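J.: Right, I'll just put the structure down here and ask away after.
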Amino acid sequence: MAAPLHFLLFFAVICLHPIVDASPAQSSYLSISLIVPVTKHASSLQYLTKIHHNGIGTGGLLPTDLVVDLGGPFLWMDCGSSSSGRLVSYGSIHCLAAKPTMVSHDHGSRNFLESCNLFTENRITQMGAQGDLVQDVLAIRSTDEDGSVASVSHNFLFTCAPKSLLSGLANGAQGMLGLGRHRISLPSQISSAFHSKSQFILCLSSSNGVLSFGNRPQSSYFGPELSESLIYTPLLTTQSHHEYFINLQSIKINDKTLSLDKSLLSLNEDGLRGTKLSTIVPYTVMESSIYAIFYKAYEKAAMAMNMTRVPNVSPFGLCFSSKGIRETVVGPQVPPIDLVLQSKMVKWRIYGRNSMVQVSNEVMCLGFLDGGLNLKSSITLGGHQLEDVLLHFDLGTSMLGFSPSLLLKQRSCSDLKFDFMPKQSL
């Protein structure tokens with residue numbers, strides 16, 4: 001049975017309004033910056049942040065640790081009995097925003113007052129389940145133009161998922177914070193709620209990092225030297241993916257271009273192959289045919305620098321002795337890796353700090369892994385390769401800005417100083 005006409009008109013009208021409840025004072029938030037500290041969990045190698053949300057009978061906000069998922073579609077958590085979140089109905093604008101693919105025959109078979117269910121996935125274990133879309137208060141620490149700190153509370157959308165989905169997450173984590181291209185991802189909701197640009201900044205490290213939202217320019221807290229060093233490359237888009245892909249054209253090792261099948265590097269219409277960025281994959285993973293060429297080229301370049309092979313340490317496929325390897329400001333002096341993007345002039349250079357993993361005092365291994373033949377993406381750049389690089393995701397222009405390694409300037413994402421950095425964040 002087709003949806004009643006008044007429901008269709010209802011959807012047509014509400015689609016014109018923001019998906020997050022607004023308040024009259026929001027125009028004053030145009031220049032705020034929302035800061036979320038990020039820490040790296042030592043054993044799982046996952047990146048964690050802490051949010052605060054309304055709790056039943058607690059008289060305040062409950063702290064909740066979440067795993068940061070760069071490509072995840074939205075925030076989900078195990079709400080248990082603690083959340084005061086209001087269930088979102090199937091017939092609401094919020095459900096339509098979260099499930100834009102709802103079709104007419106769904107409307108006829110569903111009660112519009114039923115709860116809105118979303119497929120919710122632990123993208124680390126690739127286990128999924130239905131979750132309830134809810135709206136609840138999250139508190140966000142913000143800064144205004146003069147650097148003063150305030151706490152801003154707002155209604156945000158997220159899903160309450162079964163406890164079983166927590167398997168595989170870092171100890172103590174209660175869900176995942178999705179930053180992907182989706183109408184109810186945190187960047188999208190913040191942009192809508194606070195009338196800010198659709199953008200965010202991510203700076204990871206082996207210990208403490210930061211995630212920032214809002215309109216304030218990077219130079220206001222990272223300094224002009226860092227913000228002006230950013231190089232921009234297009235973010236590729238597909239209709240079926242909310243992850244972040246870059247336009248990788250070729251790979252160089254020690255300035256020598258690898259002979260790779262360029263079709264494997266290109267993102268196709270189905271969102272397959274291509275090169276994407278991830279915070280839930282610890283080390284870069286390559287499709288087997290790419291890895292085989294990469295492996296041989298790197299081994300050859302390493303041997304030319306008199307590096308000594310040693311037995312491999314799982315999960316790595318290429319390990320070397322650390323003895324006699326000179327240490328530089330950007331890590332061990334090993335063959336540099338260049339990711340050549342939209343032109344030969346635009347490249348992302350990976351030095352020893354981000355290419356090598358120190359597995360013991362005497363052994364270091366190449367932090368690039370063979371992912372097999374059935375990868376959905378040909379290359380996934382993992383967290384280790386993203387650390388100590390300032391990343392600016394400008395979703396409005398679909399561009400990614402990336403800095404050279406901050407270590408070149410003897411800085412790190414772990415020691416960036418923010419006078420207004422709050423002790424608590426979301």
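The values are calculated or read from the model by the stated rules, or taken from the named source; none is laboratory data. Note that this is a predicted model, so its numbers are computed, not measured. Because the Cβ atoms are built from the backbone with ideal geometry, glycine has one as well, and the counts that use them run over all protein chains shown.
J.: May I ask you to say which residue of Val310, Val346 is surrounded by fewer than 21 Cβ atoms within 10 Å (Cβ to Cβ) and within 26 Å of the chain's Cα centre (by Cα)?
T.: Criteria check complete, one pass: Val346.
J.: May I ask you to verify whether Val357 is within 26 Å of Ser414 (Cβ to Cβ) and part of a loop (DSSP other than H, G, I, E, B)?
T.: Taking the combined requirement at face value, the residue does not satisfy it.
J.: When the stretch 349-366 is examined, which residues are found to be of a type in the set (Gly, Ala, Ser) and surrounded by fewer than 20 Cβ atoms within 10 Å (Cβ to Cβ)?
T.: Ser360
J.: Would a scan of the stretch 351-358 turn up a residue that is among the polar types (S, T, N, Q) and more than 23 Å from Ala292 (Cβ to Cβ)?
T.: Yes, some residue in the stretch 351-358 is among the polar types (S, T, N, Q) and more than 23 Å from Ala292 (Cβ to Cβ).
J.: Something else: Tell me the residue from Ser263, Ser212, Ser185, Ser206 that is hydroxyl-bearing (Ser, Thr, Tyr), farther than 29 Å from Val330 by Cβ and assigned by TED's automatic domain parsing to the domain that holds Ser43, please.
T.: Testing whether each residue is hydroxyl-bearing (Ser, Thr, Tyr), farther than 29 Å from Val330 by Cβ and assigned by TED's automatic domain parsing to the domain that holds Ser43 leaves just Ser185.
J.: Take the residues in the stretch 207-244 that are of a type in the set (A, V, I, L, M, F, W, C) and at pLDDT 85 or above; name whichever of them is nearest to His41 (Cα to Cα).
T.: Among them, the one singled out is Val210.
J.: Shifting gears a bit: Only residues in the stretch 35-47 that are closer than 17 Å to Leu202 by Cα count as the first member; pair them with residues that are part of a strand (DSSP E or B) and charged (D, E, K, R), Cβ under 7 angstrom, at least 6 apart or cross-chain, and list the lot.
T.: Within 7 Å, the pairs are Ile35/Arg141; Tyr47/Lys40.
J.: Name the residue that is nearest to Met305 (Cα to Cα), counting only residues in the stretch 242-263 that are in contact with an Asp or Glu (Cβ under 9 Å, 6 or more places away or on another chain) and buried (at least 20 other Cβ atoms within 10 Å of the Cβ).
T.: Checked the stretch 242-263; the qualifying residue nearest to Met305 (Cα to Cα) is Ile253.
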